[in-house]
Amino acid sequence: MTPTSLGVAVIGAGMAGKAHAAGYRSASAVFGDTLPPIRLVSIADAYEPLATDVARRFGYDRYDTSWQAIAAADDIDVVSVVVANALHREIVEALLAAGKHVLCEKPLAGTIQDARAMVDAAASSEALGRIGLTYLRSPGIAFLGDLVRSGRLGKLINFDGAYWADYASDPNGPISWRFTGAPGTGALADVGSHLSYIAELFGGPIASVRGGTLHTAFTTRPKPLGRVIGHEHGAVSDERAAVENDDVAGFFAEFAGGGTGSLQVSRVAAGHANTLKFEVFCERGSASFDFRNPGQVQVSLLDHDRTGGEHDIAGTRTVTLGPAHPYWSGGLAMDAPGVGIGQNEGFVFQARAFLEEVAGVPESLSLPRNADFAEGLHNMLLLDAAAQSAAAGGSRITLPAAAPVPA
Ligand SMILES: NC(=O)c1ccc[n+]([C@@H]2O[C@H](COP(=O)([O-])OP(=O)(O)OC[C@H]3O[C@@H](n4cnc5c(N)ncnc54)[C@H](O)[C@@H]3O)[C@@H](O)[C@H]2O)c1
């Protein structure tokens, strides 16, 4: 039965929390009117000034300072959990137990053990547990994924991808939750989570990894004097704390269906604020994408038998994205070709897909569903295998057979 309305809350009003808050705000304005009325109810953050500010600016009815208040609220149906990874489990379990539908940020949890518990919690709840793999909603990435899946590019031979960020390239930037945890919970979990599920969009599930490397470039960082939100640099103290996890990471992937991949990530890549880029080499051609220019993709189709008639001008072509491509038509306030698109739209699309699923809009009329927690666990098992490979000097590590794989 379609609910008469859906009440929404976001827990965590930091860097990504604001993107969720804005995503829900825009979600019912795009792709037609199949959703019931969406009530923007509350923004919860342990830091009250931030909760107040974000609730007011993004048009939510109230703010809260604890996630428990959200779990207990009768007027909230749908909740995004957008706090430090190690906090996901406790909050998500309580929300599911209270019957709230949960959209959790990546990576699913701080540890594999917590991720497994969250899969179990979702399985025994009537409410939905979903993970927002935001970049799969980027029109260029979705379009190239379609080109491979439909056979137009053919089967993947090799994925070559990198996610370079520089948010930690200043050794005097403050320590935060991102720098604590076991090896592999640093750049590998933070940005490697994104790159690895994108690799699997093209090559299917990864069966084993090898050549794992983890490197910590800056082993201590100053303690902050105030709150650290996202990648902001505030005032810091003279005292320093140990960085526990990786600044740079990489591994080679072997896909279950054949094909190989190279994935490299960094949070200390000077000059690259947020560069997610990859090239896919397939049996019928190749394609590339660079998030610094998300409105275009490059595609090169082979013409082995020279029957295409234009082999003399064959080569890589730049495709400017527009209404012919995923998410564009109906998904943007102005959905004309080449109007520009970026990371923030991905949060709108994933919020829309989540609300549609909760509201019972049939899949045929909806955006592709968000991934379930089993896929979030799979992604963590994959990254854990890369960390194990690094600990074993680069040895091949096969993912556990029980690792659920993306559909
Ligand atoms: N999909 C993406 O592109 C993307 C981008 C950035 C971050 N993320 C993910 O989002 C999550 C949050 O990252 P971030 O960069 O926004 O973090 P952040 O540090 O900027 O914000 C986290 C917020 O949580 C609040 N908080 C801490 N404990 C809390 C509690 N008990 N109850 C309520 N609020 C609490 C903090 O005050 C802070 O404002 C992480 O899982 C991260 O991996 C995803």
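The values are calculated or read from the model by the stated rules, or taken from the named source; none is laboratory data. As the structure is a computational prediction, the values presented were derived from the model and not from experiment. Positions of Cβ are generated from backbone atoms using ideal geometry, with glycine treated the same way; all protein chains shown enter the neighbour counts. Keep in mind that these areas ignore ligands, DNA and RNA; they rest on the heavy atoms of the full protein, side chains included. Shrake-Rupley method; radii C 1.70, N 1.55, O 1.52, S 1.80 Å.
Here is how the numbers come out for the structure above:
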{"read-out": "Matching residues in the range 68-111 - criterion: being among the basic types (K, R), within 12 Å of the ligand (Cβ to nearest atom) and not in a helix (DSSP H, G or I)", "value": "K106"}
{"read-out": "Residues satisfying the stated conditions in the range 344-367, i.e. assigned to a loop (DSSP other than H, G, I, E, B) and either charged (D, E, K, R) or surrounded by fewer than 15 Cβ atoms within 10 Å (Cβ to Cβ) (or both)", "value": "G360, P362"}
{"read-out": "Qualifying position, being within 19 Å of G271 (Cα to Cα) and open to solvent by less than 30 Å² (accessible area, probe 1.4 Å), among G173, G145", "value": "G173"}
{"read-out": "Unique residue being part of a helix (DSSP H, G or I), over 18 Å from the mean Cα position of the chain (by Cα) and closer than 16 Å to L382 by Cα when the list is D114, D120", "value": "D114"}
{"read-out": "Looking only at the range 37-50, and only at residues there that are within 14 Å of the ligand (Cβ to nearest atom) and of a type outside the set (A, V, I, L, M), the one that is least open to solvent (accessible area, probe 1.4 Å)", "value": "S42"}
{"read-out": "Whichever residue in the range 256-277 is in a strand (DSSP E or B) and open to solvent by less than 10 Å² (accessible area, probe 1.4 Å) and, among such residues, is farthest from L153 (Cα to Cα)", "value": "S266"}
{"read-out": "Residues being more than 18 Å from the chain's Cα centre (by Cα) and either closer than 20 Å to Q343 by Cβ or away from the ligand (no atom under 16 Å from the Cβ) (or both) - total across the range 9-29", "value": "4"}
{"read-out": "The range 148-169, residues that are surrounded by fewer than 22 Cβ atoms within 10 Å (Cβ to Cβ) and in a helix (DSSP H, G or I)", "value": "R149"}
{"read-out": "Which listed residue is within 15 Å of the ligand (Cβ to nearest atom) and either surrounded by fewer than 23 Cβ atoms within 10 Å (Cβ to Cβ) or of a type in the set (A, V, I, L, M) (or both), from T65, T2, T34", "value": "T65"}
{"read-out": "Per-region count, the range 242-255, residues within 22 Å of T111 (Cβ to Cβ), hydrophobic (A, V, I, L, M, F, W, C) and either open to solvent by 50 Å² or more (accessible area, probe 1.4 Å) or modelled with pLDDT under 95 (or both)", "value": "1"}
{"read-out": "For C104: the one exception among (1) assigned by TED's automatic domain parsing to the domain that holds Y24; (2) over 18 Å from the mean Cα position of the chain (by Cα)", "value": "(2)"}
{"read-out": "Count - residues of the range 340-386 that are touching an Asp or Glu at 6+ places or on another chain (Cβ under 8 Å), among the small types (G, A, S) and either farther than 30 Å from G32 by Cβ or within 16 Å of the ligand (Cβ to nearest atom) (or both)", "value": "0"}
{"read-out": "Residues that are hydrophobic (A, V, I, L, M, F, W, C) and part of a loop (DSSP other than H, G, I, E, B), drawn from the range 170-206", "value": "I175, A182, V191"}
{"read-out": "The range 221-237 residues that are under 13 Å from A168 (Cα atoms), paired with ones that are β-branched (V, I, T) and not in a loop (DSSP other than H, G, I, E, B) (beta carbon under 9 Å, 6 or more apart)", "value": "R221/V236; P222/V236"}
{"read-out": "Tally, over the range 215-246, of residues that are under 22 Å from the mean Cα position of the chain (by Cα) and either assigned to a strand (DSSP E or B) or away from the ligand (no atom under 16 Å from the Cβ) (or both)", "value": "0"}
{"read-out": "D53 vs. criteria more than 10 Å from the ligand (Cβ to nearest atom), part of a loop (DSSP other than H, G, I, E, B) and either open to solvent by 50 Å² or more (accessible area, probe 1.4 Å) or over 26 Å from L195 (Cβ atoms) (or both)", "value": "no"}
{"read-out": "The listed residue being in contact with a Ser or Thr (Cβ under 9 Å, 6 or more places away or on another chain), closer than 30 Å to C282 by Cα and charged (D, E, K, R), out of R210, R221", "value": "R210"}
{"read-out": "Among (1) modelled with pLDDT under 95; (2) surrounded by fewer than 18 Cβ atoms within 10 Å (Cβ to Cβ), the one test that I341 misses", "value": "(2)"}
{"read-out": "Residue within the range 128-138 that is away from the ligand (no atom under 12 Å from the Cβ), modelled with pLDDT of 95 or more and of a type in the set (S, T, Y) present", "value": "no"}
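Yes/no matrix, rows are residues, columns are (1) touching a Leu at 6+ places or on another chain (Cβ under 7 Å); (2) under 27 Å from V82 (Cβ atoms):
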site	(1), (2)
V191	no, yes
F202	yes, no
S208	yes, no
T213	no, no
F218	no, yes
P222	no, yes
